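Comments concern the structure below.
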Amino acid sequence: MNHEMYMDAAIEEAKKAAAIGEVPIGAVLVYDNKIIARAFNDRETSQNPLHHAELMVIEQASQLLGKWRLTDCTLYVTLEPCPMCAGAIIQSRVDKLVFGAHDPKAGCVGSLMDLPRDSRFNHAPEVITGIRNEVCSELLTTFFRSLRERNKARKKAMKMIEQENTTCNK
Ligand SMILES: [Zn+2]
């Protein structure tokens, strides 16, 4: 199985998220060597806290395969899953989870916790990490940097407008 090739497809999804101003996280789900589901985080657009890329590919794949048990499936995601998604990955019984960058702030597959590899659960997907790690984290770094710059520029512009308005009102 070519992990890099499938991760590249997840990266393409993440880029779509960035293009519409969403945090760039993308996922694909592979069954029988084919990508059967793709999605990107669209929490802001949908205003839905459940719209993480992983949950959406799990939902798409279950509908397509007509079953909730996604055995023989591999989930690729650009960022280490959060607790909600790590839980869904266990619940959906995916065989393998492959992720790119670690998320030290919210990741629950090794960073804050390690849910899929906790043997107390009845299912433990195999975990592979670090595939295209640099590309995946660079996407996020670039996104947050430009977000900060935009916010800074907006604050500066608002201050200028405020000052102008105060002068006009005098
Ligand atoms: Zn998540």
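For Lys96, Lys105, Lys155, Lys15, give me the order by solvent-accessible area with a 1.4 Å probe, most accessible first, ignoring ligands, DNA and RNA.
Lys105, Lys155, Lys15, Lys96
Rounded to the nearest 0.05, what FRET efficiency do Arg93 and Asn151 have when you use their Cβ-Cβ distance and R0 = 35 Å? Present the calculation step by step, with values, prior to reporting the outcome.
Numbers: r = 41 Å, r/R0 = 1.18.
After rounding to 0.05, the efficiency reads 0.25.
R0 = 35 Å: FRET efficiency of Lys34 with Thr142, Cβ-based, nearest 0.05? Write down the numbers at each step before the final one.
Details: r = 30 Å, r/R0 = 0.87.
So, using R0 = 35 Å, E works out to roughly 0.70.
Could you state the number of Å between the C-alpha centres of segment 107-153 and segment 1-18?
Using only Cα atoms to place each centre, the spacing works out to 14 Å.
What's the carbon and sulfur percent of the chain's accessible surface, probe 1.4 angstrom, rounded to a whole number? Each step should come with its number before you reach the end.
Details: 5220 of 9850 Å².
For the chain, the apolar C and S fraction of the accessible surface comes to 53 percent.
So, counting K/R as plus one and D/E as minus one, what does the shell of residues with Cβ under 13 Å around Ile89 add up to?
Values: positive: Arg69, Arg93, Lys96, Arg117; negative: Glu54, Glu59, Glu80, Asp95, Asp114, Asp118, Glu126.
Cβ neighbours under 13 Å give a net charge of -3.
With a probe of 1.4 Å, find how much accessible area segment 1-98 has per residue, and write the answer as a whole number in Å².
On the way: 4330 Å² over 98 residues.
I get 44 Å² per residue for this part.
Could you work out the Rg to Rh ratio of segment 28-116, with Rh taken as the Kirkwood radius (inverse of the mean 1/r over all Cα pairs)? Intermediate results must be reported in sequence, preceding the final value.
On the way: Rg = 12.3 Å, Rh = 12.9 Å.
Looking at segment 28-116, the ratio lands at 0.95.
Using amide H atoms built 1.01 Å from N in the peptide plane, name the residues 5+ places from Val127, or on other chains, whose amide H lies under 5 Å from its own.
Leu97
Would you mind getting me the FRET efficiency between Ala19 and Leu112? Use the beta-carbon distance for r and R0 = 25 Å, nearest 0.05. Mind dumping the intermediate values first?
Details: r = 29 Å, r/R0 = 1.17.
In this case the efficiency is close to 0.30.
Rounded to a whole number, what is D in µm²/s for segment 81-170 from Stokes-Einstein with the Kirkwood radius over alpha-carbon pairs (10 °C, 1.306 mPa s)? Don't jump to the answer; show the numbers that get you there.
On the way: Rh = 16.1 Å.
The estimated diffusion coefficient comes to 99 µm²/s.
In terms of Cα to Cα distance under 28 Å, which lysines are near enough to Lys156, apart from those fewer than 8 places away along the same chain?
Lys170
Among rounded, prolate and oblate, which fits segment 118-170 when a ≥ b ≥ c are the square roots of the eigenvalues of its C-alpha gyration tensor, a/c under 1.5 means rounded, and a/b larger than b/c means prolate?
Details: a/c = 11.21, a/b = 3.22, b/c = 3.48.
Note, shape of segment 118-170 comes out oblate.
In whole angstrom, how long is each semi-axis of the equivalent ellipsoid of the chain, when you take the square root of 5 times every eigenvalue of its Cα gyration tensor and sort them from largest down? Walk me through the numbers before you get to the answer.
Details: eigenvalues 274, 49, 45 Å².
In descending order, the three semi-axes are 37, 16, 15 Å.
What do you get for the angle between helix 133-169 and the principal long axis of the chain? Use alpha-carbon atoms, 0 to 90 degrees, nearest ten.
20
Diagonalise the Cα gyration tensor of segment 70-117 and give the resulting equivalent ellipsoid semi-axes, square root of 5 times each eigenvalue, largest first, whole Å. Show your work: numbers first, answer last.
Working: eigenvalues 61, 25, 11 Å².
Semi-axes, largest first: 17, 11, 7 Å.
Report the net charge of residues surrounding Lys155, where surrounding means a beta-carbon distance below 14 angstrom and charges are Lys +1, Arg +1, Asp -1, Glu -1.
Numbers: positive: Arg148, Arg150, Lys152, Arg154, Lys156, Lys159; negative: Glu149, Glu162.
Once positives and negatives cancel, what remains is +4.
For the chain, what does -39500 (n - 2.57) per DSSP helix run (n ≥ 4), summed and divided by total residues, give at 222 nm, in deg cm²/dmol to the nearest 500?
Details: 5 runs with 80 residues, N = 170.
After summing the helix terms and dividing by residue count, I get -15500 deg cm²/dmol.
The values are calculated or read from the model by the stated rules, or taken from the named source; none is laboratory data. Bear in mind that the values here come from a model prediction, so they are computed numbers and not experimental data. Virtual Cβ from ideal backbone geometry, glycine too; neighbours counted across all protein chains shown. We work out accessible area using only protein heavy atoms, side chains counted, and drop any ligands, DNA or RNA first. Shrake-Rupley method; radii C 1.70, N 1.55, O 1.52, S 1.80 Å.
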